[in-house]
Amino acid sequence: MTTEADRLTALARYAVLDTLPENAFDRVTRIAARLFNAPIALVTLVDQDRQWFKACFGLDLRQTDRSVSFCTHTIQSEGVMVILDATRDPLFEHNPLVTGAPHIRFYAGAPLVTPDGFRLGSLCVIDQRPREHFPDADRALLTDLAQSVVSELELRFTQRTLTQEAQANARLLRSVQDAQTLSEALLGVSQLTTLDLPVEETASFALPMIAQSAGVDCAALLRLDDRMTALTHWTGGAAGEAFLAALPRELPRGEGVAWQVADRDAPHYVQDYARHDGASTTVAQAGADALAWVPLGSFCGARYVAAYALVGADRVWSARQRELLEASAGIVRQAMWNRHQREVPVPVH
């Protein structure tokens, strides 16, 4: 047995309440008004405390309180509800919609019944003059028109569902593509670091592949000892080149965020760099909005940090970019450590 809560859940499923007018529904009310020679025709949806009009012909209202709603009674009936003269009907004679505007006298409403049996509202026609009859043929025609409203709601629901599924599939595809890109980038970095290169060259050789795969505008390998020195750079286009041209190649000890990153030995990502504590004035003025520093370890008295930049306003680091920068840094760090171990002389006893 269905409950009112079930009916309201079904109504919410269509996501139609408080939406803008749509010609498909307005057309039905125009047709209904013309067919039944009625000055008012409405597509109503009965919510918890109100009846809201999805389409409204001949009445300058968008909703009324449910307590005075004729359509509340329509959705409780099995078929078309007809009130020939509301002033003579005990249920409606004192209703403010009868005693005041819009001065309802005649009402005929067919429930909007969903395929799974829920009555969401009605298609109704209203007149300010009473009528003598509303024949069965008219009831059948009004029912057919009400069903066309339900069909339009179903079409709307199906289109929205298909759109949501398409968006979900697109997100899944992007996720798969991102995972594939990440795997390919890490595999490439792994292959590069198998080359027998000195410690600094190992990182310098891998940096362009990492930066390009991550889609950054600019990247640099930083060595921190008594000063911070940029050993090598990579740019991905004009924005990165302009940013790089404005940067100093060296900074005094303690100036900039890289020193803090090296001390903590943990990656650090910044959005809106110019407002960040510890920001270098020179770097901020160069125009990067999002910066990242990823430590690579300490070797032979120096610490190494890979720095990356996204140039332009409102740039942010994505989860995929962070994962790539950090995973590749782990590979490079290990390669640098392996080479460092080979370069350190073995003590002779």
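The values are calculated or read from the model by the stated rules, or taken from the named source; none is laboratory data. Remember, predicted model here, so these are calculated numbers, not experimental data. Here Cβ is always computed from backbone atoms with ideal geometry, including for glycine, and neighbour counts include all displayed protein chains. Ligands, DNA and RNA are excluded from the accessible area calculation, which covers all protein heavy atoms including side chains. Shrake-Rupley method; radii C 1.70, N 1.55, O 1.52, S 1.80 Å.
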Kindly establish whether ARG320 is basic (Lys, Arg), touching a residue at least 24 places away in the same chain (Cβ under 8 Å), in a helix (DSSP H, G or I) and touching a Pro at 6+ places or on another chain (Cβ under 8 Å). no
Hits in the stretch 210-234 (condition: closer than 22 Å to ALA319 by Cβ and either outside any helix (DSSP H, G or I) or without any contact (Cβ under 8 Å) to a residue 40 or more places away in the chain (or both)): GLN212, GLY215, VAL216, ASP217, CYS218, ALA219
Within the stretch 224-234, residues being over 11 Å from SER204 (Cα atoms) and open to solvent by 30 Å² or more (accessible area, probe 1.4 Å) number 3
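Going through PRO102, PRO90 one at a time, which residue ends up being touching a Leu at 6+ places or on another chain (Cβ under 8 Å) and part of a loop (DSSP other than H, G, I, E, B)?
On the way: PRO90 fails: touching a Leu at 6+ places or on another chain (Cβ under 8 Å).
When all the criteria are applied, what remains is PRO102.
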Does LEU153 fit the bill of being assigned to a helix (DSSP H, G or I), touching a residue at least 12 places away in the same chain (Cβ under 8 Å) and farther than 25 Å from ASN37 by Cα? yes
Output the number of residues of the stretch 262-275 satisfying the condition of being more than 16 Å from LEU207 (Cβ to Cβ) and within 33 Å of the chain's Cα centre (by Cα). 9
Among all residue pairs at least 6 apart or on different chains, which show Cβ distances below 9 Å where the first residue, located in the stretch 247-260, is in contact (Cβ under 8 Å) with a residue 40 or more places away in the chain and under 17 Å from PRO295 (Cα atoms) and the second is among the β-branched types (Val, Ile, Thr) and crowded, with 19+ Cβ neighbours inside 10 Å? ALA258/VAL305
Please specify each residue of the stretch 4-62 satisfying the condition of being crowded, with 18+ Cβ neighbours inside 10 Å, among the polar types (S, T, N, Q) and assigned to a helix (DSSP H, G or I). THR29
Kindly indicate the residue of the stretch 276-312 that is out of contact with any helix residue (DSSP H, G or I) (no Cβ under 6 Å at 6 or more places or on another chain) and assigned to a helix (DSSP H, G or I) and also least open to solvent (accessible area, probe 1.4 Å) among those meeting that condition. VAL283
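Select from the stretch 66-81 the residues that are surrounded by fewer than 20 Cβ atoms within 10 Å (Cβ to Cβ), within 19 Å of PHE134 (Cα to Cα) and either in contact (Cβ under 8 Å) with a residue 60 or more places away in the chain or of a type outside the set (Gly, Ala, Ser) (or both) and list them in ascending order.
Residues satisfying the conditions are HIS73, GLU78, GLY79.
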Can you name every residue in the stretch 235-260 that is open to solvent by less than 50 Å² (accessible area, probe 1.4 Å), part of a strand (DSSP E or B) and either among the aromatic types (Phe, Trp, Tyr) or modelled with pLDDT under 80 (or both)? LEU251
Looking at ALA206, ALA166, can you tell me which residue is at pLDDT 75 or above, open to solvent by 40 Å² or more (accessible area, probe 1.4 Å) and assigned to a helix (DSSP H, G or I)? ALA166
Counting only residues in the stretch 109-132 that are open to solvent by 30 Å² or more (accessible area, probe 1.4 Å) and of a type in the set (Asp, Glu), the one farthest from LEU45 (Cα to Cα) is identified as GLU132
